[in-house]
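The values are calculated or read from the model by the stated rules, or taken from the named source; none is laboratory data. No experiment lies behind these values; they were computed from the predicted model shown. As a convention, Cβ positions derive from the backbone with ideal geometry for all residues, glycine included, and neighbour counts pool all protein chains shown.
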Amino acid sequence: MKAVVIHAAKDLRVEEREVETVSAGQVEIAIEAGGICGSDLHYYNHGGFGTVRVREPMILGHEVAGTVKALGTGVSHLAVGDRVAVSPSRPCNACEYCLRGEQNHCLNMRFYGSAMPMPHIQGAFRQRLVAEAWQCHKVANGVSINEAAMAEPFAVTLHAVNRAGPLLGKRVLVTGCGPIGALAIIAARAHGAREVVATDVMDTVLGKALEIGADRVINVANNPEELSTYSANKGYFDVQFEASGNERAVRSGLEVLRPRSTLVQLGLGGDVSIPQNMVVAKEIEMKGTFRFHEEFGLAVDLINQRRVDLKPLLTGTYPIEDAVRAFEAAGDRTKSMKVQLAF
Ligand SMILES: [Zn+2]
Ligand SMILES: [Zn+2]
């Protein structure tokens with residue numbers, strides 16, 4: 001089988017790999033769609049992020065869906081031919097965090113395509129994947145395999161919503177409208193947000209944000225004063241989903257958040273400086289959000305039931321042989337939202 005392997009920054013190769021054998025409780029899946037994520041792009045463009053570096057060849061990818069081709073013994077809820085979305089979250093279910101139901105903090109997490117541990121955890125951009133049956137969630141008839149492969153980034157934003165707390169009737173600000181910001185808009189809408197305002201520095205992605213459910217969009221590069229008007233009377237928004245990782249987005253968010261509101265940080269921008277006095281005086285809660293676990297099943301259900309429409313986010317599909325072209329396209333925000341590989 002072919003697999004998409006990162007060796008170092010800008011050194012991405014399509015290589016042959018052996019298909020793994022199926023053990024009890026596992027299934028073999030023909031992967032059909034795989035979405036390129038921001039983390040995959042970090043490995044491709046920079047060889048890693050923060051202190052995490054690619055130190056050995058690693059198959060990339062964790063946003064995948066495909067068709068079951070073979071079953072191990074003891075698998076009862078799946079059949080050959082079923083189409084499935086595969087959760088890349090593989091906690092140990094035995095460490096102290098797993099036992100507290102905080103699997104996304106598992107001490108022995110084996111999340112696909114991660115260079116954090118050594119040896120690295122090999123990813124899912126491959127033609128055949130052997131996964132545990134419990135990772136697989138059936139995709140409903142009529143739902144495309146491309147939509148199913150967006151369950152993972154959608155689950156990220158559903159976890160962010162869980163971190164934010166109830167959104168019913170709340171006014172929500174989303175800063176940064178890449179795939180995660182856009183999915184946060186959809187997740188907030190699905191949870192009853194009263195109003196969603198989205199910001200970015202590019203009109204193309206803001207157009208997409210409007211299309212998928214934002215009430216208003218603001219280009220903060222061209223018109224920062226439009227956002228500032230929300231700072232009157234100590235602020236306006238109950239919740240901010242910060243998906244840009246940009247310091248200015250955090251700072252401007254703190255200005256327009258109301259007292260006792262919540263800022264949920266999704267974007268990874270590194271070290272930023274913030275006006276502490278504003279956090280204190282307005283009693284703002286700042287929360288991080290990291291991956292997901294049980295939200296993956298909810299993401300698949302919401303997609304299956306047509307409660308959300310993620311199709312507008314898919315901006316391109318490339319054959320596996322064109323992986324480099326696909327990664328270049330995915331990194332170009334002027335043209336791309338979510339880019340997927342076909343296997
Ligand atoms: Zn992802
Ligand atoms: Zn664990």
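Which ones in segment 139-169 are in contact with a helix residue (DSSP H, G or I) (Cβ under 8 Å, 6 or more places away or on another chain) and either under 30 Å from residue 235 (Cβ atoms) or part of a strand (DSSP E or B) (or both)? Across segment 139-169, the qualifying residues are 153, 154, 155, 156, 157, 158, 159, 160, 161, 162, 167. Taken together, the criteria exclude residue 14 from residues that are within 20 Å of residue 128 (Cα to Cα) and without any contact (Cβ under 8 Å) to a residue 60 or more places away in the chain.
For segment 232-271, the candidate set comprises residues that are of a type in the set (Lys, Arg) and more than 30 Å from residue 51 (Cα to Cα); within that set, the residue that is surrounded by the fewest Cβ atoms within 10 Å (Cβ to Cβ) is 260. Selection of first residues in segment 83-100 that are within 14 Å of ligand 1 (Cβ to nearest atom) and of second residues that are among the polar types (S, T, N, Q), restricted to Cβ pairs under 8 Å at least 6 apart or on distinct chains, gives the following pairs, ordered by first then second residue: 86/135; 87/135; 88/135; 89/103; 89/104; 89/135.
In segment 51-72, the residues that are among the aliphatic types (A, V, I, L, M) form Cβ pairs under 6 Å with partners that are within 16 Å of ligand 2 (Cβ to nearest atom), at six or more places apart or across chains, as follows: 52/116. Applying the criterion of being within 16 Å of ligand 2 (Cβ to nearest atom) and among the hydroxyl-bearing types (Ser, Thr, Tyr) to the residues of segment 65-101, the residue that is surrounded by the fewest Cβ atoms within 10 Å (Cβ to Cβ) is 97.
Suppose we filter segment 31-57 for residues that are surrounded by fewer than 22 Cβ atoms within 10 Å (Cβ to Cβ) and within 16 Å of ligand 1 (Cβ to nearest atom); how many remain?
Result for segment 31-57: 8.
Based on what the data block shows, is residue 130 in the same structural domain as residue 250 (by TED's automatic domain parsing), part of a strand (DSSP E or B) and touching a strand residue (DSSP E or B) at 6+ places or on another chain (Cβ under 7 Å)? So residue 130 does not fit the description; no.
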